[in-house]
1. Could you say which residue among 35, 60, 51 is at pLDDT 85 or above, out of contact with any helix residue (DSSP H, G or I) (no Cβ under 8 Å at 6 or more places or on another chain) and under 28 Å from residue 116 (Cβ atoms)?
2. Do we find a residue being farther than 30 Å from residue 36 by Cα, open to solvent by less than 100 Å² (accessible area, probe 1.4 Å) and part of a helix (DSSP H, G or I) anywhere in region 100-118?
3. So, in region 122-167, of the ones that are open to solvent by 70 Å² or more (accessible area, probe 1.4 Å) and touching a residue at least 12 places away in the same chain (Cβ under 8 Å), which residue ends up farthest from the chain's Cα centre (by Cα)?
4. Any residue that is more than 38 Å from the chain's Cα centre (by Cα), at negative phi and either assigned to a loop (DSSP other than H, G, I, E, B) or at pLDDT 95 or above (or both) - is there at least one of those in region 7-28?
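The values are calculated or read from the model by the stated rules, or taken from the named source; none is laboratory data. This one's a predicted model, so the numbers in the text were calculated from it and none came from an experiment. Glycine also receives a Cβ, built like all others from the backbone with ideal geometry; neighbour counts cover every protein chain displayed. Heavy atoms of the whole protein, side chains included, go into the accessibility calculation; ligands, DNA and RNA do not. Shrake-Rupley method; radii C 1.70, N 1.55, O 1.52, S 1.80 Å.
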Amino acid sequence: METPQNDQEQFSENIEKEIFELDLDELLVSDESKGYLLEISKWGHFISILGFIFVALMIGGGLFFSYLFNSIMSMTGVDEYNSMPFPMGGFGLFYIVMAVIYAFPVYYLYTFSKKIKVAVNSNDEKSLDFALRNLKSHYRFIGILLIVIMSLYVLIAISVGLFASMF
């Protein structure tokens, strides 16, 4: 006849076996987490669509400014290459280049939002991996862009300081 002590020991041994036999490489996503991921998907999709609209507006604005500045310069008869330190159409080109740069993180966010929705709805691990890879790319691109912009600010501040110290 088994005593309560033996039952408890047997139960403890079974629990320990189950714990050690678990596949620790497997990540389970709760229903609550799936709900959060679906909401993130909706917001990511919304933000990425707005981003694509802004990219289109930036490209359109760049083309417009480029055309406008070149038209004004030709109508006034001003030789922009001799009177300006750089061609005024360069502003338009700058907007277009910035739009192309901005399109990459927007695309990564769009792809993430679409694939995470597929992954959650179909429990597809490959879609989840692909979605998270795109989210990582989105944040890595934004991070590198911020480092570049902050570095440019520092260089501009140093240049202004050196230029001001000459007078």
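1. 35 is the lone residue from the list that is at pLDDT 85 or above, out of contact with any helix residue (DSSP H, G or I) (no Cβ under 8 Å at 6 or more places or on another chain) and under 28 Å from residue 116 (Cβ atoms).
2. The answer is yes; a qualifying residue exists.
3. 130
4. no
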